[in-house]
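To start, the structure under review is shown below, and the notes come after it.
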């Protein structure tokens with residue numbers, strides 16, 4: 001619900017800094033009396049901060065706090081404390097508990113800076129805490145970061161309208177999938193570059209990158225950037241910085257646009273065709289191909305193979321909450337393929353008569369692991385551990401632009417957490433059986449109930465339909481909506497890329513080759 | 001259909017209500033159609049309904065000839081099993097009742113056998129329940145006190161009925177007591193008592209299993225579970241009273257997610273026929289246990305942090321494998337890959353003597369509109385939507401079974417099967 005603008009960020013940072021020196025100060029100090037000035041100085045020395053720096057931070061913090069308080073008032077208090085402040089009360093509490101009683105209070109008074117900083121933030125936090133406990137799953141605490149942006153309000157004025165729109169589309173999964181996001185970002189940046197004019201006194205190669213960074217920051221507040229987006233942006237920035245400052249803007253801009261077009265063409269459009277072509281060769285008549293969720297490249301592969309006249313069956317496994325496989329199923333069925341569809345609970349049945357597994361990728365990590373939509377690992381595992389001992393080959397279709405030099409061992413260190421509210425079923429399945437009811441549900445419900453018995457029971461069903469509705473107010477209940485998981489390299493037999501078909505262990509080499517080019 | 005059941009939704013409750021008033025044949029037909037229509041579907045409901053029906057059948061049967069009773073129960077049992085062959089508990093209960101009758105008949109014939117199967121049957125059971133005294137005393141059924149003078153069949157049908165008596169080792173008591181009781185004892189009364197004990201067992205099996213919880217859950221553990229199984233919930237609740245741990249709950253979409261959501265958030269499940277009396281218990285979150293609800297797809301991602309997987313089941317097979325809600329197999333696999341122990345909690349009544357040669361025949365497929373709703377009707381025309389309800393989980397994926405008799409390795413289950421069912425009844 002809250003707006004995570006840049007403002008809370010420095011504030012929480014500042015707070016952390018201001019808290020840190022206070023802690024040792026308190027532990028040492030109770031016997032000593034209010035040498036207020038020396039205490040923070042001591043602590044600051046311990047923290048390797050010069051007093052001047054500390055002062056500067058404090059000032060920044062104060063300004064940020066004011067800004068935040070103002071925005072809070074504007075937002076009717078609802079927005080208070082994002083994740084940053086939320087993590088703090090624990091610390092504070094333990095602090096106060098450790099040095100209980102009067103000395104603690106004295107110490108608090110003795111340090112004016114902290115004392116003045118606290119009432120505001122503590123008040124806000126207390127309100128928030130009463131309303132909702134910390135709903136972050138502890139193991140994934142590091143992934144929550146900022147909340148996703150909900151509106152375009154507060155976006156910097158530098159952000160181009162095309163990027164603004166893209167941000168919202170990314171957030172709402174209108175544009176979803178690693179390649180699609182990459183292409184959409186590049187196209188939006190192309191428009192940014194087209195409408196860009198270099199301010200006086202700077203050169204395009206210097207200023208355009210910072211101008212783009214604003215767009216990128218905005219995009220990443222809508223949804224964390226994908227690996228492919230990151231790679232594309234890196235390539236674009238490299239291209240910009242390699243432009244000779246003496247080249248006039250009128251020449252540089254078309255050449256950049258040309259670069260973007262050729263990047264999309266080479267790295268994605270053509271690459272997809274090549275991959276689809278070579279992966280389709282792997283499909284034989286009579287195959288049963290299992291795939292998970294909806295990968296554009298797998299779709300293209302299957303359609304290519306179908307066009308080549310191969311007779312095979314596709315079994316799509318899908319999962320909540322995105323149901324990406326539905327679109328894939330629809331497209332394939334419309335094209336005339338024989339499609340079977342089941343959810344992740346039916347994996348072991350779907351895999352039973354499978355002969356091949358085709359998976360899409362979000363990224364391939366440098367240690368050969370597949371980083372893809374959550375659930376992929378389960379499918380790959382089932383393919384490898386099928387009863388009867390027969391292993392089914394698992395093929396990953398992946399453009400090299402999705403290769404990354406990052407490594408991942410588990411799905412916890414690197415991941416993306418989506419809004420947990422997506423897991424709450426918004427419309428109970430009963431709703432469709434009684435169409436007028438849900439529309440009128442909130443208002444005239446009791447009236448209806450008095451009229452007829454069955455509709456009352458239906459209304460009751462509707463209200464009890466999603467018991468998770470108020471999960472944020474339910475103590476100790478947490479919902480976790482992961483986006484990705486990491487499939488061990490031993491489950492992947494082959495990675496089909498535009499540069500050929502490789503074992504997963506070849507990923508780092510190919511990545512190095514493709515980035516050095 | 002009986003007119004009494006009109007106000008009630010057809011189900012276990014309506015069946016039990018009409019059982020007393022209806023003639024026995026109507027009741028049999030009633031249960032068969034309920035089973036066929038899947039209006040009674042959970043293992044426990046099926047077992048309870050079957051036990052109650054058989055009790056009525058036997059009390060309506062005006063004979064004390066054991067072979068006639070057996071014949072009657074067999075014919076009813078066959079029809080029930082044919083109505084819903086995948087609810088294996090129906091067959092289990094029928095077999096246990098048959099076993100009761102046979103035991104009684106044998107007791108009548110020769111009261112002084114000492115070393116037959118019946119004697120050895122009770123051996124593994126009697127010592128075990130003794131080590132969970134607190135729970136037993138709370139949930140002690142009244143009827144088991146009332147039926148105290150029953151002879152040794154009670155030892156095998158209802159293991160805890162005599163645990164309060166210290167000196168009843170299995171080998172000593174039958175030969176000592178039987179001659180006095182049995183000669184002209186009415187078989188039917190004995191069998192009815194035995195069935196009552198089975199019904200009691202069904203009522204308290206979860207509490208008995210839960211009594212072992214503290215032996216298996218340690219502090220600060222992260223436990224993954226699946227579906228809204230009451231057995232698992234009670235197991236965890238029992239541990240929650242003493243220890244703090246974290247539960248990760250996979251929601252088992254699309255067949256059981258609503259119940260799971262309700263269980264997790266502590267809202268009373270609306271249509272739960274099984275546990276109508278006990279559904280008012282506090283949820284885990286009220287005990288200060290952190291419950292994390294995840295979609296089924298995130299199981300692999302989280303498995304590396306999970307210390308233990310605790311699963312409920314639909315039925316357990318003699319080879320140590322089990323049939324459980326769809327998605328269980330993948331979870332058990334993922335646990336195996338991560339070397340996480342998999343614990344299955346299940347009442348002994350779910351333990352089936354059937355050996356599955358054709359695993360596919362055990363799997364029931366459910367409503368595909370739960371997978372793709374009517375709003376995607378166009379899609380349903382074009383594609384084949386599958387919604388399996390159950391998974392077969394092979395024995396090698398399970399590390400431990402916890403039944404109301406204690407913990408067992410999967411390889412030991414065959415022994416419990418042979419304790420509970422007589423050979424001649426396995427395929428009747």
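Remarks
- At least 3 residues being touching a residue at least 40 places away in the same chain (Cβ under 8 Å), more than 10 Å from chain A (Cβ to nearest Cβ) and touching a strand residue (DSSP E or B) at 6+ places or on another chain (Cβ under 9 Å) is the threshold, and among the strands (runs of 3 or more DSSP E) wholly inside region B:310-428 those reaching it are B:322-325, B:342-345, B:400-403.
- Of everything listed in (1) within 10 Å of another protein chain (Cβ to nearest Cβ); (2) under 18 Å from residue B:387 (Cα atoms); (3) touching a strand residue (DSSP E or B) at 6+ places or on another chain (Cβ under 8 Å); (4) at pLDDT below 90, the single unmet condition for residue A:353 is (1).
- Residue within region A:384-406 that is within 11 Å of chain B (Cβ to nearest Cβ) and part of a strand (DSSP E or B) present: no
- Residue count for region A:460-497, restricted to those that are assigned to a helix (DSSP H, G or I) and either modelled with pLDDT of 90 or more or within 7 Å of chain B (Cβ to nearest Cβ) (or both): 5.
- Only one of B:328, B:340 that is at pLDDT 90 or above and within 20 Å of the chain's Cα centre (by Cα): B:328
- Here the condition is being touching a strand residue (DSSP E or B) at 6+ places or on another chain (Cβ under 9 Å), assigned to a helix (DSSP H, G or I) and under 29 Å from residue A:144 (Cβ atoms); of A:213, A:228, it holds for A:228 alone.
- Residue B:298 satisfies every condition listed in (1) modelled with pLDDT of 85 or more; (2) facing chain A (nearest Cβ under 9 Å); (3) surrounded by fewer than 20 Cβ atoms within 10 Å (Cβ to Cβ) except (3).
- Answer residue from region B:301-311, given it is under 25 Å from the mean Cα position of the chain (by Cα) and more than 26 Å from residue A:292 (Cβ to Cβ) and is surrounded by the fewest Cβ atoms within 10 Å (Cβ to Cβ) among those: B:308
- When restricted to residues that are over 23 Å from the mean Cα position of the chain (by Cα) and either within 12 Å of another protein chain (Cβ to nearest Cβ) or at pLDDT 75 or above (or both), region A:124-157 contains 1.
- Index of the failed condition, residue A:508 passing every other in (1) part of a helix (DSSP H, G or I); (2) within 11 Å of chain B (Cβ to nearest Cβ); (3) modelled with pLDDT of 70 or more: (2)
- Some residue of region B:271-293 being more than 7 Å from every other protein chain (Cβ to nearest Cβ), in contact with a strand residue (DSSP E or B) (Cβ under 7 Å, 6 or more places away or on another chain), part of a loop (DSSP other than H, G, I, E, B) and modelled with pLDDT under 85: no
The values are calculated or read from the model by the stated rules, or taken from the named source; none is laboratory data. Keep in mind that what you see is a predicted model, and the values were worked out from it rather than measured. So basically every Cβ, Gly included, is an ideal-geometry build from the backbone, and we count neighbours across all protein chains shown.
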